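K.L.:
This is the structure I have questions about; it appears just below.
FYI, it's all coordinate maths here, none of it is from the lab. The structure displayed is predicted, hence computed values, not measured ones. A quick note on method: Cβ atoms are made from the backbone with ideal geometry, for glycine too, and the neighbour counts reach across all protein chains shown.
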Amino acid sequence: MPLNEIPKYLSFETRDLVDRALEHAWRELKKDAPADVVLAKRKLAGTIVALASVGETDMAKLKSFALHAARASRRRQSFSTVKSSS
């Protein structure tokens, strides 16, 4: 995520951390071949920004929680699709 898209209220250091965490998380998530790349990236970014906004500064945690949220969202969408087609 380019720095100009990360909220301006975050400090430069936090914005840099968010950018790096997002890049690392995306490298891992794209191996799952998400059907909707834009939605997957938004989920990662939203989770990372939310956590960084409340003070989380551990890049491993940011990445881990973001991946968990994105994968859980994907599973819910898959479940909803299967359930509605039954």
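K.L.:
Give a quick list of trypsin sites (Lys or Arg not before Pro) in the stretch 7-78 that DSSP marks as loop, anything other than H, G, I, E or B, with at most 15 other Cβ atoms within 10 Å. Numbers along the way, then the final one.
P.N.:
Working: sites: Lys8, Arg15, Arg20, Arg27, Lys30, Lys31, Lys41, Arg42, Lys43, Lys61, Lys63, Arg71, Arg74, Arg75, Arg76; in loops: Lys8.
Passing sites in the stretch 7-78 are Lys8.
K.L.:
Please give, to one decimal in nm, the separation of the simple spin-label points placed at Glu13 and Lys31, each 7 Å out from Cα toward the Cβ.
P.N.:
Here the modelled spin labels are 3.1 nm apart.
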